[in-house]
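Let me begin by presenting the structure, written as structure tokens, before commenting on it.
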Amino acid sequence: MKKYTAIVLAAGAGKRMNTKVHKQYLEVAGKPVLYYTLKAFEESAVSDIVLVTGAGEEDYCQKQIIKKYGFEKVKAIVTGGKERYHSVYQGLLAAEGADYVLIHDGARPLVDSAIIQRSMDAVLKYQACVVGMPVKDTIKIVNEEQFAKETPDRNKLWQVQTPQTFSYILVKEAYQKMLEQEDAAITDDAMVVERMTSVPVKLIEGSYRNIKITTPEDLLVAEAYLLGRDKNI
């Protein structure tokens, strides 16, 4: 049996939320955002979970989320770093022994078992895969003055989500190379693998519901989806 470890990132400050409480701890439909994220992986076929939190938030997560809701697959809580990629690397170190890792944003509470299983199946074939969906809107590339410069073909554009799933050895070595360069332009794990290895990253189907909580409006959308899920909508 291959070992799959989910690395859930919950170390972000969520500055665009305009609240003192970090977005992953805000309540949606009566429970913290992070609860729904962990629940999805707890109920999936992954072997275990590594939770990456902000400094000083470890005890809170242990007592108020993991212990309170009875999550048994969370094998480690580690402290994140200054940037997202530092946090991912700390998670990778804690996931030592895994064959594959699913790296997921803690602020994406609507990930579901189907998305997780598709990721686990695809990584066996491709070694590197990320979930996403084709964009619905026309995208414009603008210049420094916000004038339209170019309109790329929408049929070739996807909005990338998480989990982003990789062979453990592949992504760890890619991160080690990237950290030697401290490339601040890195915005997701796929970019690290794209730039530091020759392995192509496969895009697989996610869901338009698999949104990331970033602004207050996202909380309303997530709550509607969560309440609708209970009603099979």
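What is segment 123-233 by shape, rounded, prolate or oblate, if you read a ≥ b ≥ c off the alpha carbon gyration tensor as root eigenvalues and call it rounded for a/c under 1.5, prolate for a/b larger than b/c, and oblate otherwise? List each step's numbers first, then the result.
Values: a/c = 1.85, a/b = 1.23, b/c = 1.51.
Oblate, because a/c is 1.5 or more while a/b does not exceed b/c.
For segment 126-194, which chymotrypsin sites (Phe, Trp or Tyr not before Pro) are both in a DSSP coil and crowded by at most 12 other Cβ atoms within 10 Å?
Numbers: sites: 126, 147, 158, 166, 168, 175; in loops: 147.
Here the sparse-neighbourhood loop sites are 147.
Which trypsin sites (Lys or Arg not before Pro) in segment 187-233 sit in a loop by DSSP (not H, G, I, E or B) and have at most 12 other Cβ atoms within 10 Å of their own Cβ?
On the way: sites: 195, 202, 209, 212, 229, 231; in loops: 209, 212, 231.
Here the sparse-neighbourhood loop sites are 231.
In Å, what Kirkwood hydrodynamic radius results for the chain from the alpha-carbon pair distances?
Details: mean 1/r = 0.0548 Å⁻¹.
After inverting the pairwise mean of 1/r, the radius is 18.3 Å.
Could you sort out which of 156/177; 125/172; 75/177 sit more than 24 Å apart by Cα distance in this structure?
156/177; 75/177
Express the Stokes-Einstein translational diffusion coefficient of segment 8-118 in µm² s⁻¹, to the nearest whole number, given a Kirkwood radius over alpha-carbon pairs, 37 °C and a viscosity of 0.692 mPa s.
Working: Rh = 14.1 Å.
Answer from the Stokes-Einstein relation: 234 µm²/s.
Identify the GluC sites (Glu not before Pro) of segment 127-186 meeting these criteria: DSSP loop state and at most 11 other C-beta atoms within 10 Å of the C-beta.
Values: sites: 144, 145, 150, 173, 180, 182; in loops: 144, 145, 182.
Listed in order of number, the matching sites are 144, 145, 182.
Tally up the carbon and sulfur contribution to the accessible surface of segment 89-233 as a whole percent, 1.4 Å probe, everything protein left in place.
So the carbon and sulfur contribution to the accessible surface is 50 percent.
The values are calculated or read from the model by the stated rules, or taken from the named source; none is laboratory data. Because the structure is a prediction, the values reported are computed rather than measured. Because the Cβ atoms are built from the backbone with ideal geometry, glycine has one as well, and the counts that use them run over all protein chains shown. Just so you know, the surface numbers come from the protein's heavy atoms only, side chains and all, with ligands and any DNA or RNA stripped out. Shrake-Rupley method; radii C 1.70, N 1.55, O 1.52, S 1.80 Å.
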